[in-house]
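See below for the structure under consideration.
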Amino acid sequence: MEDIFIFIQEQIFLVGALVLLIIAFYRKESASAGTKLSTSQVIQAMNADTAIVLDVRDSKDFDQGHVTNAINIPHAKVADSLKQLEKYRDKQIIVTDNIGQHASTVSRLLAGADFNIALMRGGMAEWKNDGLPVVK
């Protein structure tokens, strides 16, 4: 453990550059994944009819409870289902999953296809933790 501190002291510029690169990478990845919306912002967008929720969880998880009027396309099938999403091109597509593990990958894919995308911060776990209703 002591060797790590000695290395950091001796290579402070190298370690600093690595930390800056990690921060830059994180910011770039976060930005390319789309805006992260709170559950209340998701509700506002849905009520204004300016957005739809795309739930990319497996069908089994989706069937156990999802946001009202959400569309389910499992994350592994989204690339093959872009035509199905064409009718929502005029709306923001809010991508969600359990806790965000697949939503950012899907949102980057959709952004690359010029869809207007956002992420639901915290996924369905946060939706449920906020006590918001789910339908089966």
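The values are calculated or read from the model by the stated rules, or taken from the named source; none is laboratory data. These numbers come from a predicted model, not from an experiment. Accessible surface areas use protein heavy atoms only, side chains included; no ligands, DNA or RNA. Shrake-Rupley method; radii C 1.70, N 1.55, O 1.52, S 1.80 Å.
Shape of the stretch 1-80 from the C-alpha gyration tensor: prolate (a/c of 1.5 or more and a/b above b/c, with a ≥ b ≥ c the square roots of its eigenvalues).
When all alpha carbon pairs of the chain are counted in 5 Å bins from zero, the resulting P(r) reads 2, 10, 18, 19, 16, 9, 6, 6, 6, 5, 3, 1 %. Expressed as a whole percent, the accessible area of the chain that falls on carbon and sulfur atoms is 57 (1.4 Å probe).
For a 19 Å ceiling on Cα separation, which of these pairs sit above it: LYS36/LYS128; LYS36/LYS77; LYS36/LYS83; LYS36/LYS91?
Over 19 Å apart, Cα to Cα: LYS36/LYS77; LYS36/LYS83.
Give me the percent of DSSP beta bridges within the chain that run antiparallel, rounded to the nearest 5. Of all bridge pairs located within the chain, approximately 5 percent are antiparallel.
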